[in-house]
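The values are calculated or read from the model by the stated rules, or taken from the named source; none is laboratory data. No experiment lies behind these values; they were computed from the predicted model shown. As a convention, Cβ positions derive from the backbone with ideal geometry for all residues, glycine included, and neighbour counts pool all protein chains shown. When the accessible area is computed, the model is the full protein with side chains, heavy atoms only, and any ligands, DNA or RNA have been set aside. Shrake-Rupley method; radii C 1.70, N 1.55, O 1.52, S 1.80 Å.
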Amino acid sequence: MSGRTGRRELGGSRISVLRNLEQRLESLVEGVFSRAFSSQVQPVEIARKLAKEMDAHRSASVSRVYVPNEYTVWLSDEDRRRLEGYETSLEQELSSYLLEHARRHDYALLTRPDVELESDERLRLGEFGIQTRLVKSPTRQGEAPEQGEEGHTMVYSVPPKQARSKRRAPGSHLTETKAIVSMDDRRYVLDGPIAVLGRSREADCVFADPNVSRRHAELRRGPTGDWQIVDLGSTNGVKVNGRKADEGARLSPGDEVVMGTTRFTFDIEQ
């Protein structure tokens, strides 16, 4: 009887330690580095999205659950410049955050998580992308690491601080689903409730296609969490599953949308 009680107390203590350690890591990242970020991207948001990508790319073997051990974080040129002098330390803190997240969920890692910050000129201020890969250590000295297939780059668009802090009006039951736009090697995660798609660098989802108008279309989230796409008077229009959407069309997960000569797949995230 006392043995059972002891095990129960030990389990509760372990959960408490892990929880406190996770909070300490978040506070450390926020406290040390937030001053370097005057943009909308905050290091703790990067840390949380890295953990989310680790969860999303886990793979189970007979007895263990493996997760990626190499993470590339893509930042806009301006966000990257603001990290000068902090970059190496931030990479180390993000690696520690992922290591503790893996321990908490009993994930198997082939090596300590490696986090590398890179620039992508296609990203705007306040956007960042994450790409994962599972890399196996060399078995013999002098051999190159065995690199697994690179995953899609998930691109996160951080909403303005004013929007994040705004409280929902009493009686509002808005279902805050997120839109996912997947094309080629990138995926955009769009918070909404409205996201502009177009060629302009000011768009929420940027298309490098001369046949796409600067402000081509909008994704709009309804009060029940459903999404529709609305043409903003573009030159070449919008097609959903092969049908022209002149006055807007409701979107469902898996729908194929064509703008200009670019195709993308629509999905939602709860």
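Before moving on, here are some points about what is shown:
- Looking across region 103-132, the residues that are touching a residue at least 60 places away in the same chain (Cβ under 8 Å) and not in a loop (DSSP other than H, G, I, E, B) come down to Arg103, Arg104, Val115, Glu127, Phe128, Ile130, Gln131, Thr132.
- Condition check for Val158: hydrophobic (A, V, I, L, M, F, W, C), buried (at least 18 other Cβ atoms within 10 Å of the Cβ) and modelled with pLDDT under 60: yes
- Residues considered: Val230, Val196. Of these, the only one that is among the hydrophobic types (A, V, I, L, M, F, W, C), outside any loop (DSSP other than H, G, I, E, B) and more than 21 Å from Arg124 (Cα to Cα) is Val230.
- Looking across region 82-91 at every residue that is part of a helix (DSSP H, G or I) and closer than 12 Å to Pro43 by Cα, the one that is least open to solvent (accessible area, probe 1.4 Å) is identified as Leu90.
- Matching residues in region 71-81 - criterion: being among the charged types (D, E, K, R) and either under 11 Å from Glu118 (Cβ atoms) or buried (at least 18 other Cβ atoms within 10 Å of the Cβ) (or both): Asp77, Asp79, Arg80
- Any hit, region 209-221, residues being in contact (Cβ under 8 Å) with a residue 24 or more places away in the chain, farther than 22 Å from Glu247 by Cβ and in a strand (DSSP E or B): no
- The sole residue among Ala203, Ala217 that is modelled with pLDDT under 90 and open to solvent by less than 20 Å² (accessible area, probe 1.4 Å) is Ala203.
- Cβ-Cβ under 6 Å pairs, at least 6 apart or on other chains, region 257-270 side within 21 Å of Thr177 (Cβ to Cβ), far side among the basic types (Lys, Arg) and in a strand (DSSP E or B): Glu269/Lys178
- Hey, Tyr97 over 19 Å from the mean Cα position of the chain (by Cα) and either open to solvent by less than 70 Å² (accessible area, probe 1.4 Å) or at negative phi (or both) or not: no
- Within this structure, Val189 passes the test of being open to solvent by less than 70 Å² (accessible area, probe 1.4 Å), at pLDDT below 90 and not in a loop (DSSP other than H, G, I, E, B).
- Scanning region 229-270 for residues that are open to solvent by less than 60 Å² (accessible area, probe 1.4 Å) and among the charged types (D, E, K, R) returns Asp231, Asp255, Glu269.
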